[in-house]
Amino acid sequence: MIEARFFLKETRKLKGQNSMNIWKAISTLLNNPNFISFVISIEAGATWDMIKKTMLKASEDVSDEYLTYQLFADIFNRFYMEKEYAFDEKLVMSSFLEQVRSIENVSTREITRQLLSSTMRIEVNDEDFFIWEKCFIHVCTRDKYQLIYRKVMLEQQMKPEKTPDNSWMKKYMKGNCCTINFKVFEKAIPSLENICTSLEKRVWNDIKVLIWEIIYNAQKHGKADQCRLKIDENAITIIDNGVRYSPLDLKAKEISGGGSIAMHKICYDYPEIEMEASYEKNENVFRIKFDDAVFDVNQLSEIRVPDLMLVTNIEYLYPDGEFKYYFIDIGRTVKNKRFLGASYSALHQLLEALEEKIRSEAQRKVFIYFSNLQDDRVEDIYKRLNECLHRWKNRLEERIVVISEDVSRR
């Protein structure tokens, strides 16, 4: 009786959040790409014992993704208590991980209801769904989940940024690629989350599972201590320095471990995807290829420069990757509310930093893009930067290219 009164009291704390807001919060958590990547990486363990070991390791970092998993585990546990069912964490949560990975997008209440029904293997009716939402509120009031809950509610209130028109890149940055070197193998899948792709979510998730299995096998069985991914517009390549091995051999094996399961799924569900393996310069090379361009590498190669007056603080949109081509959108800098203008000293600092970035790779270039030269502030930066570049011309060998909106449309 005391527990029931406590449950009602805690529920009233958040009664200002209506059912729609609660569902949106649940949807936001389930659709979070970092959480989905976390699910893929731990589910790749195949067995529950392996999943629990991965979870135990993740608990040391206390990441948002680990807390989100624990949050849902506690919600399911609470729901089973309310329904007076016996809660089996292995049965329920392994099913939950599978559902999160396989569902395309939790975009409606009905899809959420289906996810819960499939996870718990019961028909979730309106009353059950209401109870589950109350459990969600109750668990979110616990101190360890407050930060997660506040982040979710804040995210619902933020308006998404309008996608800029980067069509000019198709002309100047054709053939761009991204290379990701992994010092910590476990960060492979989270590093892929921000990759812009036209692949369906389900397809991309299955591919990421296969990528993780290959990286995991390279480390555990191949004793690799170096691994990198290379992403082109129509291919993604895994390279490791482990014992010589072809992941394609998994196709001929009976389905047993995680690697063979992932490989057979790709071969059976997506026969149009081409895969090839080779051994080059003492490294295993495995490539997944597509007929069309499916990865927008250019979008991630942005360098942001929030300050061009005082001190140039360069921010790489995707610091995990090294690109053949980078770009800076000066228009974004000018739109910054803190923008004060551009000084020659700051522009020199910017060029020095860019020179350092391109020096290590002979083919690397940085494109500095100017839109709306009719804006006096943009035109001012355009003139000053060209003055600075004229003095640097011999040092930079035309590897820092200034482009205006008018030129890009010709």
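The values are calculated or read from the model by the stated rules, or taken from the named source; none is laboratory data. These numbers come from a predicted model, not from an experiment. Counting neighbours? That spans all protein chains shown, and the Cβs are built from the backbone with ideal geometry, glycine included.
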Taking segment 274-315, which residues are aromatic (Phe, Trp, Tyr) and under 20 Å from residue 243 (Cα atoms)?
-> 279, 286
Count, please, the residues in segment 336-350 that happen to be surrounded by 19 or more Cβ atoms within 10 Å (Cβ to Cβ) and modelled with pLDDT under 85.
-> 1
Of the residues in segment 132-145, those that are of a type in the set (Val, Ile, Thr) and crowded, with 16+ Cβ neighbours inside 10 Å come to 137, 139
Do you know which of the residues in segment 241-253 that are touching a helix residue (DSSP H, G or I) at 6+ places or on another chain (Cβ under 7 Å) and under 23 Å from residue 199 (Cβ atoms) is surrounded by the most Cβ atoms within 10 Å (Cβ to Cβ)?
-> 250
Top-ranked residue of segment 255-276 - restricted to ones that are touching a helix residue (DSSP H, G or I) at 6+ places or on another chain (Cβ under 7 Å) and at pLDDT below 85, ranked as nearest to residue 218 (Cα to Cα) = 259
Which numbered condition trips up residue 349, out of (1) touching a Ser or Thr at 6+ places or on another chain (Cβ under 6 Å); (2) in the same structural domain as residue 368 (by TED's automatic domain parsing); (3) within 30 Å of residue 217 (Cβ to Cβ)?
-> (3)
Checking 402, 366 in turn, the sole residue that is hydrophobic (A, V, I, L, M, F, W, C) and surrounded by fewer than 20 Cβ atoms within 10 Å (Cβ to Cβ) turns out to be 402
Please work out which residue is nearest to the chain's Cα centre (by Cα), limiting yourself to segment 233-254 and to residues that are over 20 Å from residue 219 (Cα atoms) and small (Gly, Ala, Ser).
-> 235
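Each row is one residue, and each column tells you yes or no for (1) in a helix (DSSP H, G or I); (2) at pLDDT below 90; (3) surrounded by fewer than 18 Cβ atoms within 10 Å (Cβ to Cβ); (4) among the charged types (D, E, K, R).
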position: 65; (1), (2), (3), (4): yes, yes, no, yes
position: 107; (1), (2), (3), (4): no, yes, yes, no
position: 116; (1), (2), (3), (4): yes, yes, no, no
position: 124; (1), (2), (3), (4): no, yes, no, no
position: 130; (1), (2), (3), (4): yes, yes, yes, no
Just one listed residue, out of 181, 176, is modelled with pLDDT of 90 or more and not aliphatic (A, V, I, L, M), and it is 176
Yes or no: residue 112 over 22 Å from residue 48 (Cα atoms), of a type in the set (S, T, N, Q) and either in contact with a helix residue (DSSP H, G or I) (Cβ under 7 Å, 6 or more places away or on another chain) or not in a helix (DSSP H, G or I) (or both)?
-> yes
Count of residues meeting criterion [farther than 15 Å from residue 196 by Cα, out of contact with any Leu (no Cβ under 8 Å at 6 or more places or on another chain) and touching a residue at least 24 places away in the same chain (Cβ under 8 Å)] in segment 308-325 = 4
Residue among 329, 307 that alone is out of contact with any helix residue (DSSP H, G or I) (no Cβ under 6 Å at 6 or more places or on another chain) and either crowded, with 20+ Cβ neighbours inside 10 Å or at pLDDT below 80 (or both) = 307
Which condition breaks for residue 85 when tested against (1) at pLDDT 80 or above; (2) in a helix (DSSP H, G or I)?
-> (2)
Quick one: count up the residues across segment 355-393 that are of a type outside the set (D, E, K, R), in a loop (DSSP other than H, G, I, E, B) and in contact with a strand residue (DSSP E or B) (Cβ under 8 Å, 6 or more places away or on another chain).
-> 2
